[in-house]
């Protein structure tokens, strides 16, 4: 034991019958140690309860065993939107068997993107996952060019260098929603779109517009910000301007829940008067009245894949291609 009473590297080496250098290589994950030697060292570590000194280890390996998940959104949204909970579950599940710890970085103070960039450049983490990013200023371009493994939760807008990203086919998901509304006889279909500085907002609006154009349908659009309040205000504007809508596609479930409330307050029955389709298939979709027809995206799977790609990049893999997953329409009572 050392002065603090904790087992030392030397004691692990003595119990395992190997050199101190061999124990160090095992602790640092070196592939240059025979499997039976690794097993002996791990048994000794378990018996003694040895805990590696992470600071000293970082000096040798230049690894911090920490990864960041960066969410440029207010904390009120991060902790209330089921999308972020699903991403975090997927990331955490993938990191659990590894030694990597997760650091959550949410929206910096207004205009303080440089503080975030300094942190990521400062050697505090081995890599970062960027979630729910907005195409503002030049920060996405700077993030993409950091000398650090980075993966984005969707293709970053305005970035002109190849980057790794994971997302669903938002255009096709929106098309499925609007085509379904047409298939059940709806002819005046509006949409509550997300912000156009986000990939999901832009692509889901594009899907709606593509189908509207093909069907010869007049577009009816109001913009929200993916929050309940934003959805409510957008629904009020939309039905003030287009009171005869009989179908509604909403770009996420959170906004769809408040759109349902606005329709109820106006005496419009769902789905008899207006059929409503959301996007996400979050937990909220089964708690609304009526239950929400929605486009399912595999949120936890996306989070897990983000973490898998990041770990591969940290290990040296050159991954710079987007991965896009299909969506599925889940039909419930609202349509």
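The values are calculated or read from the model by the stated rules, or taken from the named source; none is laboratory data. All values derive from a computational prediction rather than experimental measurement. With ideal geometry, Cβ positions are generated from the backbone for all residues, glycine too; neighbour counts draw on all protein chains shown.
Inside the stretch 282-328, can you point out the residues that are touching a helix residue (DSSP H, G or I) at 6+ places or on another chain (Cβ under 7 Å), farther than 19 Å from residue 155 by Cα and surrounded by 18 or more Cβ atoms within 10 Å (Cβ to Cβ)? If the condition is that a residue be touching a helix residue (DSSP H, G or I) at 6+ places or on another chain (Cβ under 7 Å), farther than 19 Å from residue 155 by Cα and surrounded by 18 or more Cβ atoms within 10 Å (Cβ to Cβ), then 282, 284, 285, 288, 292, 294, 295 are the ones that fit.
None of 149, 82 is closer than 30 Å to residue 255 by Cα and touching a helix residue (DSSP H, G or I) at 6+ places or on another chain (Cβ under 6 Å) except 82.
Here is a yes/no grid of residues against (1) surrounded by 20 or more Cβ atoms within 10 Å (Cβ to Cβ); (2) part of a loop (DSSP other than H, G, I, E, B); (3) without any contact (Cβ under 8 Å) to a residue 24 or more places away in the chain:
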| site | (1), (2), (3) |
| --- | --- |
| 201 | yes, no, no |
| 205 | yes, no, no |
| 209 | no, no, yes |
| 213 | no, no, yes |
| 222 | yes, no, no |
| 232 | no, no, no |
| 245 | yes, yes, no |
| 249 | yes, no, no |
| 273 | no, yes, no |
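Within the stretch 53-66, is there a residue that is at pLDDT 80 or above and touching a strand residue (DSSP E or B) at 6+ places or on another chain (Cβ under 8 Å)? Yes - at least one qualifying residue is present in the stretch 53-66.
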